1. Evaluate 2.2 N^0.38 Å with N set to the residue count of segment 30-115, then give the Cα radius of gyration divided by it.
2. To the nearest 20 debye, what is the magnitude of the charge dipole of segment 40-136 about its Cα centre, counting +1 on the Cβ of each Lys and Arg and -1 on the Cβ of each Asp and Glu?
3. In 5 Å bins starting at 0, how do the alpha-carbon pair distances of segment 47-89 split up by percent?
4. In the calculated pair distance distribution of the chain, what percentage of Cα-Cα distances lie above 24 Å?
5. Could you check how many percent of all C-alpha pairs in segment 4-43 are farther apart than 13 Å?
6. Mind checking the angle between helix 45-72 and the chain's longest principal axis? C-alpha axes, 0 to 90 degrees, to the nearest 10.
7. At 222 nm, what helix-only mean residue ellipticity would the chain give, in deg cm²/dmol to the nearest 500, using -39500 (n - 2.57) for each DSSP H run of four or more?
8. Whole-Hz ³J(HN,Hα) for each residue in segment 100-106, computed from phi via Karplus 6.51 cos²θ - 1.76 cosθ + 1.60 with θ = phi - 60°, x for glycine and proline: what do you get?
Amino acid sequence: MTHNIGIQPEHRANVAKELSKLLADEFVLYTKTRKAHWNVEGADFYAQHKFFENQYEQLDDVMDEVADRIRELGHYAPSTLKEFLELTHLTEKTKSDNTSLSLITDLLADHESIIMFIRSNVNRFGNEWNDAGSSDFITGLMENHEKMAWMLRAHLSPK
């Protein structure tokens with residue numbers, strides 16, 4: 001069935017391709033946040049265990065929203081680990097030990113990478129590909145990641 005939503009098919013395909021990369025990034029970050037939740041150690045274990053749980057639950061919702069947006073545009077969302085690892089800008093490897101500050105530093109870098117990726121696509125979606133809806137959608141996601149990054153950053157010593 002055709003999608004008569006005022007966006008040319010090739011533009012919808014371009015947006016879906018970029019959203020697929022974003023979904024892959026979200027999945028890798030979700031997995032790394034789960035890892036932090038499961039493996040954090042130290043005197044602050046319980047508080048950080050709960051903190052990471054809150055973050056991965058938010059990321060779970062984000063992944064579902066991104067996949068839904070891809071489907072709304074008439075494309076299929078990537079859904080295998082292989083696809084995610086081929087599409088992601090992130091690495092699943094961490095440089096950290098299992099202390100909360102080390103895990104937070106790694107996760108913060110990934111959130112910032114996603115924020116920059118989203119920011120680079122906001123105008124492309126709206127201006128180049130005539131998809132104001134997806135542009136608005138990812139602007140909201142960027143704001144979510146900025147808040148999550150702020151929460152992570154607040155745990156680190158001021159510079």
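The values are calculated or read from the model by the stated rules, or taken from the named source; none is laboratory data. Remember, it's a predicted structure, so these values are computed and weren't measured experimentally. As a convention, Cβ positions derive from the backbone with ideal geometry for all residues, glycine included, and neighbour counts pool all protein chains shown. What goes into the accessible areas is simple: the full protein's heavy atoms, side chains included, and nothing from ligands, DNA or RNA. Shrake-Rupley method; radii C 1.70, N 1.55, O 1.52, S 1.80 Å.
1. 1.20
2. Numbers: 8 positive and 20 negative charges, 60 e Å.
So the magnitude is around 280 debye.
3. 5, 19, 17, 24, 16, 11, 5, 2, 0
4. So the pairs more than 24 Å apart make up 35 percent of the total in the chain.
5. 65 percent
6. Around 10 degrees separate the two axes.
7. -24500 deg cm²/dmol
8. Per-residue couplings from phi come out as 4, 5, 5, 5, 4, 4, 5 Hz.
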